[in-house]
1. Would you mention how many residues in the range 195-213 are out of contact with any helix residue (DSSP H, G or I) (no Cβ under 8 Å at 6 or more places or on another chain) and closer than 16 Å to residue 91 by Cβ?
2. Is there a residue being in contact with a helix residue (DSSP H, G or I) (Cβ under 9 Å, 6 or more places away or on another chain), part of a helix (DSSP H, G or I), more than 27 Å from residue 136 (Cα to Cα) and at pLDDT 95 or above anywhere in the range 71-84?
3. Condition (residue is more than 17 Å from residue 104 (Cα to Cα), more than 14 Å from the chain's Cα centre (by Cα), without any contact (Cβ under 8 Å) to a residue 40 or more places away in the chain and in the same structural domain as residue 75 (by TED's automatic domain parsing)) applied to the range 155-170: is it met by at least one residue?
4. Any idea how many residues of the range 117-152 are more than 18 Å from residue 71 (Cβ to Cβ) and out of contact with any helix residue (DSSP H, G or I) (no Cβ under 7 Å at 6 or more places or on another chain)?
5. Could you tell me whether any residue of the range 89-100 is under 13 Å from residue 139 (Cβ atoms) and surrounded by fewer than 22 Cβ atoms within 10 Å (Cβ to Cβ)?
6. Quick check on this structure: which one of 180, 186, 134 is closer than 20 Å to residue 41 by Cβ and either assigned by TED's automatic domain parsing to the domain that holds residue 92 or in contact with a strand residue (DSSP E or B) (Cβ under 8 Å, 6 or more places away or on another chain) (or both)?
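The values are calculated or read from the model by the stated rules, or taken from the named source; none is laboratory data. Predicted model, so just to flag it, every value in this text is computed and none were measured. Because the Cβ atoms are built from the backbone with ideal geometry, glycine has one as well, and the counts that use them run over all protein chains shown.
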C-alpha cells in the first residue's frame, strides 16, 4: 500500500513539474518574441500594409497571412467579428507570409488588386473560393482567374500588375519581416506587438481584450 502511495504521489509531482515547466517555457518564448517585436517595430507594419478599421485605433492586430492557408481562411470570420465588436478601437494590419507552394504569386495578385480599389473584395473572394484553387496545400492560380470578374476586376490588367517588380518587392519585404519576427506558421498574430504564442480563438480574443483594457 505504501509503495502504491509513493508511486501515485510521484506521478502527481511529475505532472505538476511538467505543467509548471510548460508554462515557464511558454512565458520565456512570449517574452523572447515580444522583445524581438519591440526591437523591430518597423517589421510589424509598413507603409504599403493594408489596414482595416480606424487608423487611429489604439489596438493593432497584425496578421501575417497566406491566401492558400486553410487556417487563415478559418480565422477570417473571427477577426471580422472582433473588429465589429470594437469599432474605432481595434484595427487590422495585413502582412504576407506565403509559406505554401505558389502562394507568393497569390499574394502578388492580392496586392495588385489594390490598384483597382478591390483589395478587401479580392481577399474575401480568395478565401471564399480557396478550396477550388488549392490542391494538396499548393496554390493553383490558373483556377482563380475565372472567379475574379464577379467582383468587377479587370483580369487582364490584374495579370499585368501582379507581375510588376514593385509588387514582388512588397511581398519580399513582408516575407523578410516575417522571418525577422520568427513567424514560421500562418496565420501569425501580434497584438500591439505582442505575439500570440498559445494559438487559438480564445487565446487571440484574450490577447486583444487585454490590450483593449490597457489602452481604453
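1. Step one: list which residues in the range 195-213 are out of contact with any helix residue (DSSP H, G or I) (no Cβ under 8 Å at 6 or more places or on another chain), which gives 199-200, 202-203, 206-207, 209-213.
Next, from what is left, pick out any that are closer than 16 Å to residue 91 by Cβ: 207, 209, 211-212.
Matching residues across the range 195-213 total 4.
2. Yes, the range 71-84 contains a residue that is in contact with a helix residue (DSSP H, G or I) (Cβ under 9 Å, 6 or more places away or on another chain), part of a helix (DSSP H, G or I), more than 27 Å from residue 136 (Cα to Cα) and at pLDDT 95 or above.
3. Among the residues of the range 155-170, at least one is more than 17 Å from residue 104 (Cα to Cα), more than 14 Å from the chain's Cα centre (by Cα), without any contact (Cβ under 8 Å) to a residue 40 or more places away in the chain and in the same structural domain as residue 75 (by TED's automatic domain parsing), which makes the answer yes.
4. Going through the range 117-152 one residue at a time, the tally reaches 6.
5. yes
6. Result of the check over 180, 186, 134: 180.
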